[in-house]
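None of the figures in this text is laboratory data; all of them are computed from the coordinates on show. Being a predicted model, the structure only gives us computed values, none of them experimental. Cβ placement follows ideal geometry from the backbone for every residue including glycine, while neighbour counts extend to all protein chains displayed.
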Amino acid sequence: MEIVRGFVGVLIILGVAVAFSRNRKAIDWRLVGSGILLQIVIGVLITQVPFVKSGFESVSEGFVTFLGFTEAGAGFLFGPLADVDSSGFIFVFQVLTTIVFFSAVSTGLYYLGILQKIVWVLAWVMKKTMRLSGAESLSVAGNIFLGQTEAPLLVKPFIAGMTKSELMCLMTGGMATIAGGVLAGYVKFLGGSDPVEQARFASYLLSASVMNAPAAVVMAKILFPEEHHDQIDTEMKVNPESVGVNIIDAVSRGTSDGLGLAMNVGAMLLSFIAIIAAINYMFTDLLGEWIGYTSDEDVWISLNMMIKESTSGAFEGLSLEYLFGQVFRVFAYIMGVEWSESLLVGSLLGQKTAINEFVAYSNLSELKAAGDLSSRAIIISTYALCGFSNFSSIAIQVGGIGALAPSQQANLSKLGLLALLAASLACLMTGTMAGIIL
């Protein structure tokens, strides 16, 4: 039954994309079919084929071991505060330090040309299976490892000449995936201080990021199909620009970029969580208590009491999380989450879209620790939340990509909301596939 519901969910997600398509007649259904098939093949290989699954788990364990080296640097700077055993899990010292370290290493690998070679192989697979342009393939594949403003650097010389459909693909790929440094942070976030749990969630997040790439292409090409095939350059050429004069300079730049990213993540979490608390105060303590009715026994039944009873205590009353849950509940259900858990998972989906995925993952880790969600719901949520598809990403991309190709700034602004929709649907598609396969 869950598999049937999952396939129905896929059809519904595709139906939403088709409904908002700019040109339904121009949709390349061969590309759509091959993209979905590629996503399924990747998912099945990683989760069901023994030797591939074992290899991927080894990569995940190696990834976690590699992230553990952060503790040496963090311990030197912060002493006992960076030691989980003595001070507990402190977000700043466990997660943000990991982002800085991984950013430095990624930039070093980029300077050495190693990252480009990996990206080129993945791009070649997508180009051959989905008949994409060279720039599209490289940018989407690059987003598996790089951020939404770093991956476009791979194709910087070609952005100015991109068609609107190619730009749509570039933007969607950035919003539907996550950067390697942030992924490393999520692993620490969800896995806590347990290496086994870290490896488990590293496996989920790595596979989600890979599966999101073809899903992003599918949604981008449904919502904005290519109409100017004569302008497409199929050759795959990586931007030859270097990220430093030598490896030390590259790592130094990566460290500085990582520090900026870590500070940005920390500042956003501080401000958004505080703002949510203020909004929830107005909803729960004011509106939730004022709205209600008097029972036959002359007892005031507040809206908060009704919500708490109807959700079996999952929500204490009227809140932003509760409203998000109601809006996105159906999407959580079609992904394969049980109806009894769909309100909580729907709330996470809403938080990711309206705020950001870090806040959503933060609340997912709390629900996981409290035992409020089943293992299946946690896995599906982990896959579905794995992406930068939120409103702030529109501004980030318009500013970041626009700086690389000023002539495309207007087109980037026009495509922003459509790219956000495409990326959100791509993440939902990956969550649904996870529900079918796992």
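The radius of gyration of the Cα set in the chain, together with its Dmax, comes out at 21.9, 79 angstrom.
Residues 61, 309, 341, arranged from fewest to most other Cβ atoms within 10 angstrom of their Cβ, appear as 309, 61, 341. Think of the chain as a dipole: +1 on every Lys or Arg Cβ, -1 on every Asp or Glu Cβ, centred on the Cα centre; then among 175, 21, 335, 21 lies furthest on the positive end. Summing Cβ point charges (Lys, Arg +1; Asp, Glu -1) relative to the Cα centre of the chain gives a dipole of roughly 1660 debye. List residues of the stretch 187-212, by number, whose backbone nitrogen lies under 17 Å from a label position 7 Å along Cα→C-beta of residue 91. Taking a point 7 Å out along Cα→Cβ of residue 91, the residues of the stretch 187-212 whose backbone N falls under 17 Å are 187-193.
Based on a Kirkwood Rh over C-alpha pairs, give the Stokes-Einstein translational diffusion coefficient of the stretch 53-199 at 37 °C and viscosity 0.692 mPa s in µm²/s. Here the translational diffusion coefficient equals 197 µm²/s.
Of 270, 170, the sequence from fewest to most neighbouring Cβ atoms within 10 angstrom is 270, 170. Within a straight-line Cα-Cα reach of under 28 Å, residue 414 can be paired with the following lysines, leaving aside sequence neighbours fewer than 8 residues apart in one chain: 25, 127, 156, 164, 221, 237, 352. If you stretched the chain out fully between residue 8 and residue 312, how much longer would it get, using 0.36 nm times the residue separation minus the C-alpha to C-alpha distance? Difference between extended and current length: 106.6 nm. Among 137, 365, 52, whose Cα projects farthest towards the positive end of the dipole of the chain, with charges put on the beta-carbon of Lys, Arg (+1) and Asp, Glu (-1)? Selected residue: 137.
The listed peptides 317-327, 394-404, ordered by packing as a protection proxy, come out as 317-327, 394-404 (highest mean of other Cβ atoms within 10 Å first). Here the convex hull built on the C-alpha positions of the stretch 258-316 has a volume of 73 cubic angstrom per residue.
Along the axis of the charge dipole computed for the chain (Cβ charges of +1 for Lys and Arg, -1 for Asp and Glu, origin at the Cα centre), the listed residues 4, 36, 212 are led at the positive end by 36.
Normalising the average separation of contacting C-alpha pairs (under 8 angstrom, six or more residues apart) by the number of residues puts the relative contact order of the chain at 23 percent.
The three principal axes of the C-alpha atoms in the stretch 118-223 carry coordinate ranges of 47, 26, 24 Å, sorted with the longest axis first.
Shown is the FRET efficiency for residue 301 and residue 372, computed with R0 = 25 Å from the Cβ-Cβ distance and rounded to the nearest 0.05: 0.50. Dividing the summed helix terms, -39500 (n - 2.57) for each DSSP H run of n ≥ 4, by the number of residues in the chain produces a 222 nm estimate of -23000 deg cm²/dmol to the nearest 500. Extents of the stretch 296-438, taken as max minus min of Cα coordinates on every principal axis and listed largest first, are 68, 40, 24 Å. Going from the fewest other Cβ atoms within 10 Å to the most, the residues 136, 150 appear in the order 150, 136.
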